[in-house]
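Have a look at the structure below before the remarks.
The values are calculated or read from the model by the stated rules, or taken from the named source; none is laboratory data. Quantities reported herein were computed from a predicted structural model and do not represent experimental measurements. Virtual Cβ from ideal backbone geometry, glycine too; neighbours counted across all protein chains shown. Remember, those area values only see protein heavy atoms, side chains included, never the ligands or the DNA or RNA. Shrake-Rupley method; radii C 1.70, N 1.55, O 1.52, S 1.80 Å.
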Amino acid sequence: MDKITSGTGCGGDLTASSGGPVTSPNYPGNYGNNENCEWLITVPEGSIIRLTFDSFHTEGGYDFLTIYDGASDNATDYSIMSRLSGYHSQITPIISTSNTMFLRFTSNRWGSRQGFQFNYTSSTAGKCWDPGVPTNGNRDNNSNFTSGQTVRYTCMDGYQLLGTANITCQPNGTWSGATPGCGGNR
Ligand SMILES: [Ca+2]
């Protein structure tokens, strides 16, 4: 059942195995007041969803993005994975336990900000998503992202590895650590 109540039109059903960028209404301009946007992400049965944010800025304490583990928000509090408000320079990727994720964005009667932009990817059990390659970095494995496989990262000359050099694909489809970065020495 689709229910889009925002005047600007927002939210929607996302059914591709990966998608985005998805944004708040009017992004990169400010979103409106009294927004109520719902996104339902559904990926193939047996897969899990990984949500990543490019940016996030809402009016702190008044305008919220709530992310539910499951197909709707009529479940109980334990299904809330994250409730975001205010400014975040970085958000740790949010990973579902099943093949559905529900997001609701609400803004109150006044005060707006730029909003947010996110992407999602899915992975099936025993297989991990592509962990990516940092700017100025390299990895030794470009294709085999299955359970038990390790990806080893190095940085180009003059750059220092930030984080963990080796990450391993775990049986639940998530990596043992975050993809490292490569920072300049000066
Ligand atoms: Ca507001």
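Points to keep in mind about this one:
- Residues of the stretch 51-72 that are open to solvent by less than 50 Å² (accessible area, probe 1.4 Å) and more than 16 Å from the ligand (Cβ to nearest atom): Leu51, Thr52, Phe53, Ser55, Ile67, Tyr68, Asp69, Gly70, Ser72.
- Residue within the stretch 121-136 that is farther than 24 Å from Pro180 by Cα, surrounded by fewer than 17 Cβ atoms within 10 Å (Cβ to Cβ) and not charged (D, E, K, R) present: no
- Residues that are within 21 Å of Gly11 (Cβ to Cβ) and within 16 Å of the ligand (Cβ to nearest atom), drawn from the stretch 89-110: Arg104, Phe105, Thr106, Ser107, Asn108, Arg109
- Residue selected from the stretch 111-132 under the condition closer than 29 Å to Thr164 by Cα and at pLDDT 95 or above, by the criterion nearest to the ligand (Cβ to nearest atom): Phe116
- Candidates are the residues of the stretch 31-50 that are within 16 Å of the ligand (Cβ to nearest atom) and either among the aliphatic types (A, V, I, L, M) or buried (at least 19 other Cβ atoms within 10 Å of the Cβ) (or both); the one that is nearest to the chain's Cα centre (by Cα) is Cys37.
- Of the residues making up the stretch 156-171, at least one is at pLDDT below 90 and out of contact with any helix residue (DSSP H, G or I) (no Cβ under 9 Å at 6 or more places or on another chain).
- Some residue of the stretch 138-149 being buried (at least 18 other Cβ atoms within 10 Å of the Cβ) and among the small types (Gly, Ala, Ser): no
- Strands (runs of 3 or more DSSP E) wholly inside the stretch 62-153 that include at least 1 residues being among the charged types (D, E, K, R): 64-69, 80-84, 100-106, 137-139
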